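The structure under discussion appears below in the form of structure tokens.
The values are calculated or read from the model by the stated rules, or taken from the named source; none is laboratory data. For clarity, every value in this text was computed on a predicted model and none was experimentally measured. When we count neighbours, we look across all protein chains shown, and the Cβ atoms used for this are built from the backbone with ideal geometry, even at glycine.
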Amino acid sequence: MAELERSDREAVERLQDAHRKIKAELGRVIVGQEQVMDELLVAIFARGHCILEGVPGLAKTLLVSTLARVMSLQFRRIQFTPDLMPSDITGTEVIQENKTTGERELRFIPGPVFANFLLADEINRTPPKTQAALLEAMQERQVTVGGRKHPLEAPFFVLATQNPIEQEGTYPLPEAQQDRFMFKVLVGYPERADERRIVLETTDDRAVDLAPVLDGAQILELQQIVRRVPVAPAVVDHALDLVRKTRVRGADPVPDFVKRWVTWGAGPRASQYLVLGAKARAVLAGRFHVSMDDVRAVAKPVLRHRVALGFAAEADGVTTDRVIERLLEDTPPGDGPLRRDAAVAPAFAG
């Protein structure tokens, strides 16, 4: 297994320090939601996009805008509505007259997608044609308008929100588009003590002056460090085992509960994101190796929007998260000679 260079190790230590500072600054504005913050930061440093699902009023927009401020990045928000057009997202070309030559020429007016942090608020409120306007931006980090490619400034991160309780007049995201999101993060109600603090802090006239922790160039450097973190073959195989067991139509054997509840399993992007998410989680904790526990910790946000359940699951009252929990129970970290091999033993330890 290749070792990290000394400069990379120093960068990992800087990333761990930045992680602590970012969470401290977020904690001055966002109350609770520790797991949500952790999962968002893992996705950001792994260069992934997120779907954030939760009822209104849980500070999803505030969390993203605050994170952008702490990271000195440009934040824009698009409210998705049934009449939103693709050009309202990507931008459009307009005809303008060149005052010097008198000739008319096309000029591109960039849309709100040209930002570092893009909040796609209630993305399932707009038809698929407009939802798809984000696909090229998310995957290729560019948009094409009038046959011309316009690159987006890096880093680029899309956070799409969905309301789980109001489904009338919505357009569920196509599977192909959901697959472009690294994580689906669930935002729950705050604990009583946290909600009490929220009420007290948001009903006075206090103003919070946030201190920037990172800038765009530093984030890009740290994203590259995450990808250079070594990962043991046993850890990769564990990620593959989890993903391949969801495929009822695959070549590998699957558990009986998967055959009963799952109609379609996760694709190869799930395996990639399990490993990338595990790498980011490890370095954010200041570790130079990736463990199986890191893979298992990101299994729910990676898999919950990639596993399609059938009627039997609905009849049994089973959620996607419950299927993933059963999958983790059915796929424990392996025991055997690898665990006793000092060269790879860290891969099994948290």
### Hits in segment 243-285 - residues which are under 19 Å from Pro333 (Cβ atoms), small (Gly, Ala, Ser) and either out of contact with any helix residue (DSSP H, G or I) (no Cβ under 6 Å at 6 or more places or on another chain) or outside any helix (DSSP H, G or I) (or both)
Ala285
### Summary
If we take segment 1-75, then helices (runs of 4 or more DSSP H) inside it with 1 or more residues that are over 25 Å from Gln177 (Cβ atoms), small (Gly, Ala, Ser) and at pLDDT below 85 are 6-26
#### Entry: Selection from segment 82-126 of residues that are over 24 Å from Lys149 (Cα atoms) and assigned to a loop (DSSP other than H, G, I, E, B)
Pro82, Asp83, Lys99, Thr100, Thr101, Gly102, Glu122, Thr126
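So which of Leu41, Leu67 is closer than 22 Å to Ala154 by Cα, touching a Phe, Trp or Tyr at 6+ places or on another chain (Cβ under 8 Å) and not assigned by TED's automatic domain parsing to the domain that holds Ser271?
Checking each option against the conditions leaves just Leu67.
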### Query
Within the set of pairs 6+ apart or on separate chains, which have a first residue in segment 306-319 that is free of Cβ contacts under 8 Å to residues at least 12 places away in the same chain, a second that is assigned to a loop (DSSP other than H, G, I, E, B) and loosely packed, with under 11 Cβ neighbours inside 10 Å, and C-beta atoms under 8 Å apart?
none
### Message
Among the residues of segment 161-178, what is the count of those that are at pLDDT 80 or above and either under 25 Å from Leu73 (Cβ atoms) or aliphatic (A, V, I, L, M) (or both)?
### Response
6
### Message
Please count how many residues of segment 274-318 are closer than 18 Å to Glu39 by Cβ and touching a strand residue (DSSP E or B) at 6+ places or on another chain (Cβ under 8 Å).
### Response
7
### Task
Residues being free of Cβ contacts under 8 Å to residues at least 40 places away in the same chain and among the aliphatic types (A, V, I, L, M): count how many of those fall in segment 192-248.
8
### Task
Only one of these is surrounded by 24 or more Cβ atoms within 10 Å (Cβ to Cβ) and among the β-branched types (Val, Ile, Thr): Val231, Val236, Val248, Val298. Name it.
Val298
### Message
Pairs needed: first member in segment 77-91, aliphatic (A, V, I, L, M); second member anywhere, surrounded by fewer than 19 Cβ atoms within 10 Å (Cβ to Cβ); C-beta distance under 6 Å; at least 6 residues apart or different chains.
### Response
Ile78/Pro112
### Task
Scan segment 135-152 residue by residue and report those that are touching a strand residue (DSSP E or B) at 6+ places or on another chain (Cβ under 9 Å) and not β-branched (Val, Ile, Thr).
Glu136, Ala137, Met138, Glu140, Arg141, Gln142, Gly146, Arg148, Lys149, His150, Pro151, Leu152
#### Entry: Residues of segment 286-324 classified as assigned to a helix (DSSP H, G or I), closer than 24 Å to Gly48 by Cα and small (Gly, Ala, Ser), total
2
### Summary
Checked Gln177, Gln162 against criteria (closer than 20 Å to Gly57 by Cβ, surrounded by 15 or more Cβ atoms within 10 Å (Cβ to Cβ) and either in contact with a helix residue (DSSP H, G or I) (Cβ under 8 Å, 6 or more places away or on another chain) or not assigned by TED's automatic domain parsing to the domain that holds Ala297 (or both)); the one match is Gln162
